[in-house]
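Novice: Just passing along the structure, written as structure tokens.
The values are calculated or read from the model by the stated rules, or taken from the named source; none is laboratory data. Keep in mind it's a predicted model, so treat the numbers as computed, not measured. Methodologically, a virtual Cβ is constructed for each residue, glycine included, from the backbone with ideal geometry; neighbour enumeration extends over all protein chains shown. When the accessible area is computed, the model is the full protein with side chains, heavy atoms only, and any ligands, DNA or RNA have been set aside. Shrake-Rupley method; radii C 1.70, N 1.55, O 1.52, S 1.80 Å.
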Amino acid sequence: MKAISLEPVFAQTTTDIASLRNLLRRNRSMSEVSHAIGDADFNTAYDFLRSTAMEMVEKGEIDRAIHGVCEIDELISRNGEEERNLLNIHAALMQILTALYIEKADSEAAMTTAASALSLLAQEPKRKDEPFLAILGALLYDIAYLHTERKEYKQAERELAKSLKIFERLAKNDPARYASPHVMALNAATATYRNRVSQAELLAHYQAVTSTYLQMVSAGVEVEEATSRLIDSITAEGDTLVQMGRHREAVQYYTRALKYLTKIEPQFTLRHLRLSIALGESMLRISAMKDKGIHLLNTMLHKATKINATDEHRRIVDILYNAKSSSLDILGLWHKVFPK
């Protein structure tokens, strides 16, 4: 599945949608289902619609999902958009339809439904209620994906910046529901922002709140998965900076990635080792950090031995040897770990 709002990691269901699921499974008419959706509170209706569409996508039934959403939307629209709840559901259906079209690789149709959703939300200016913000945040996240695919990065950056602020606001009141979308929007921004300074400022701004999410048991597994994606994105940015010869900036990215990784994986793992090696290697390229880099790599050398990471051990030896470090008996350690 593409990196859109229908990904399971993007958000978790926090409401009881069992009754709506049962109604659908009993093969009731779509008219009866749409009435039940209209009578439900917004979050329950949104969770049901999103999870149902997501399950169909995972089964490869995208066209069926699109048809179902369009049918429900038509029935909902007939009931009158002047009612706030029905207007919200109509906009939510357009947002979900946008994500479905993106998954189908029909960007033109996705842009059309996204415009429809924005038009519906614009009917009442200056709204700040939860349904409005939840729909808008997810919609901007998906639209940013479309613009990123088209390499229209400036537009995507603006959309992600707005999506981030929306989910930050929502997560303050309900982290269990909105922490994961907030982290996923941050992850998307990390990969999309072209300006490294803006990118670093963005990560620094949201570092504290992301760490807070990870300390909340109620935030759930999805936040850990979203943070794991964020770690991969930050690490990739660090790797890019290394290729550009910007090691001081790379150190900042690797350090931040390690802090997040320690939160979700307290025990030392191969992932910790590889990230620490990358950090140590960059530190060696900075005169003021060379000694710290040597110390870190020496420490990782022992940890690599403990977890039997042979390839990583060899890599550390090569890095230190190439750095002409006099603080390490390369051959002595080599023969201890790899005796003839």
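Novice: What pairs can you find where one residue is in segment 46-63 and aromatic (Phe, Trp, Tyr), the other is buried (at least 20 other Cβ atoms within 10 Å of the Cβ), and their Cβ atoms are less than 6 Å apart, with a gap of 6+ or different chains?
Specialist: If the second residue must be buried (at least 20 other Cβ atoms within 10 Å of the Cβ), the pairs left are TYR46/ALA92; PHE48/ILE17; PHE48/LEU20.
Novice: Additional query: So which residues in segment 1-35 are at pLDDT 90 or above, aliphatic (A, V, I, L, M) and either over 20 Å from ALA134 (Cβ atoms) or open to solvent by 60 Å² or more (accessible area, probe 1.4 Å) (or both)?
Specialist: ALA18 - this is the single residue of segment 1-35 that is at pLDDT 90 or above, aliphatic (A, V, I, L, M) and either over 20 Å from ALA134 (Cβ atoms) or open to solvent by 60 Å² or more (accessible area, probe 1.4 Å) (or both).
Novice: Within segment 88-111, count every residue that is open to solvent by 10 Å² or more (accessible area, probe 1.4 Å) and either among the hydrophobic types (A, V, I, L, M, F, W, C) or free of Cβ contacts under 8 Å to residues at least 60 places away in the same chain (or both).
Specialist: 10
Novice: Something else about it: So which residues in segment 308-337 are modelled with pLDDT of 90 or more and open to solvent by 70 Å² or more (accessible area, probe 1.4 Å), if there are any at all?
Specialist: Correct list: ASN308, ASP311, ARG314, ARG315, ASP318.
Novice: Here's something else I'd like to know. Being touching a helix residue (DSSP H, G or I) at 6+ places or on another chain (Cβ under 7 Å), open to solvent by 40 Å² or more (accessible area, probe 1.4 Å), under 22 Å from LEU203 (Cα atoms) and not hydroxyl-bearing (Ser, Thr, Tyr) is the requirement here; does LYS151 meet it?
Specialist: Taking the combined requirement at face value, the residue does not satisfy it.
Novice: Exactly one condition in (1) at pLDDT below 90; (2) of a type outside the set (Asp, Glu); (3) buried (at least 19 other Cβ atoms within 10 Å of the Cβ) is false for LEU261; which is it?
Specialist: Here LEU261 clears every test but (1).
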